[in-house]
Amino acid sequence: MNMKKFLVGLVLFITGCAGTSETVKTADTYFKEGEDFYASRRYEDAIAEWKKVKESFSSPELTTMAELKIADAYFENRSYIEAAAAYDDFRKLHPNHDQAAYAYYRLALCYYNQITGIDTDQTPVKNAVKFLDSFIKLYPKAEYVPEAKAKLDECIGKQVEYEVYVGHFYLRSGKYQAAIKRLEETLAKYPKVENSDQVLFYIGKAYFLSGDKAKGKEAFNRLAKQYVSSRYLEEARQVMEKYY
């Protein structure tokens, strides 16, 4: 190799190295770029930048912030399964962090936001109740507690609606004992629900259709005594006239 080619190669090598060094970014830069992407709703890009912050291991404080930001980005992107895992990891890794309550509440919201119709998988409702209730007990003074209580009541109402839905399905299908069992368990577990009169009506009707007139009358008497203005009273009267 002659000297001219050697010098040209050396210059190119040095230039390449210099260019590479200029592309190296600090964890602060990655974090700021993640915030910019997040503000622009480019959540996947934001997550990618914040993951680079974690991989840099440059600052424990910045890494912790990036962990929570990643969870928030997943949440805003409606990737609730990933967000739930990220929030759960954060609260377990940093139980005493000043954002631990926030992370726990958002974890509960991940399940709440996955709730769909009454005729679909009810696992999100069950998990939302579990984590909302746990959040309220763990952080009774947190600013999110009033909102969490309202959502918990809503979710419990959905659980009752589902149980009544299933019980009524059994009733319509002629599976009277299954209907009675499901509905009585619902009433015992949720004695103060708003639609208890509906539950009592279905229980009474199921008893009458099963041939147990005494239990049916007992349920309807309870309905009349506890819910004097219930819209189900007239239907109960018609059932009694037909089967008693």
- From the set of residues in region 127-176 that are of a type outside the set (S, T, N, Q) and not in a helix (DSSP H, G or I), which is nearest to the chain's Cα centre (by Cα)? Tyr144
- Query: List the pairs whose first member sits in region 95-115 and is over 13 Å from Thr64 (Cβ atoms), whose second member is among the polar types (S, T, N, Q) and in a helix (DSSP H, G or I), and whose Cβ atoms are under 8 Å apart, counting only residues at least 6 apart or on separate chains?
  - Reply: Tyr104/Ser134; Ala108/Ser134; Tyr111/Asn127
- With criteria (1) buried (at least 21 other Cβ atoms within 10 Å of the Cβ); (2) over 28 Å from Thr26 (Cβ atoms), Asn113 comes up short on (1)
- Query: Got a sec? Which helices (runs of 4 or more DSSP H) wholly within region 30-111 have at least 1 residues that are within 23 Å of the chain's Cα centre (by Cα) and closer than 26 Å to Tyr139 by Cβ?
  - Reply: 60-76, 80-93
- Set Asp98, Asp72, Asp88: member being over 30 Å from Leu200 (Cβ atoms), among the charged types (D, E, K, R) and buried (at least 20 other Cβ atoms within 10 Å of the Cβ): Asp72
- Message: Taking the condition of being assigned to a helix (DSSP H, G or I) and closer than 23 Å to Lys158 by Cβ, how many residues in region 193-222 meet it?
- Response: 9
- Message: Residues to consider are Tyr87, Tyr144, Tyr43, Tyr104; find the one that is among the aromatic types (Phe, Trp, Tyr) and over 30 Å from Tyr190 (Cβ atoms).
- Response: Tyr43
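Rule-based calculations on the coordinates, nothing more; no lab input. It should be emphasised that the depicted structure is a prediction, and the values quoted were computed from it without experimental measurement. As a convention, Cβ positions derive from the backbone with ideal geometry for all residues, glycine included, and neighbour counts pool all protein chains shown.
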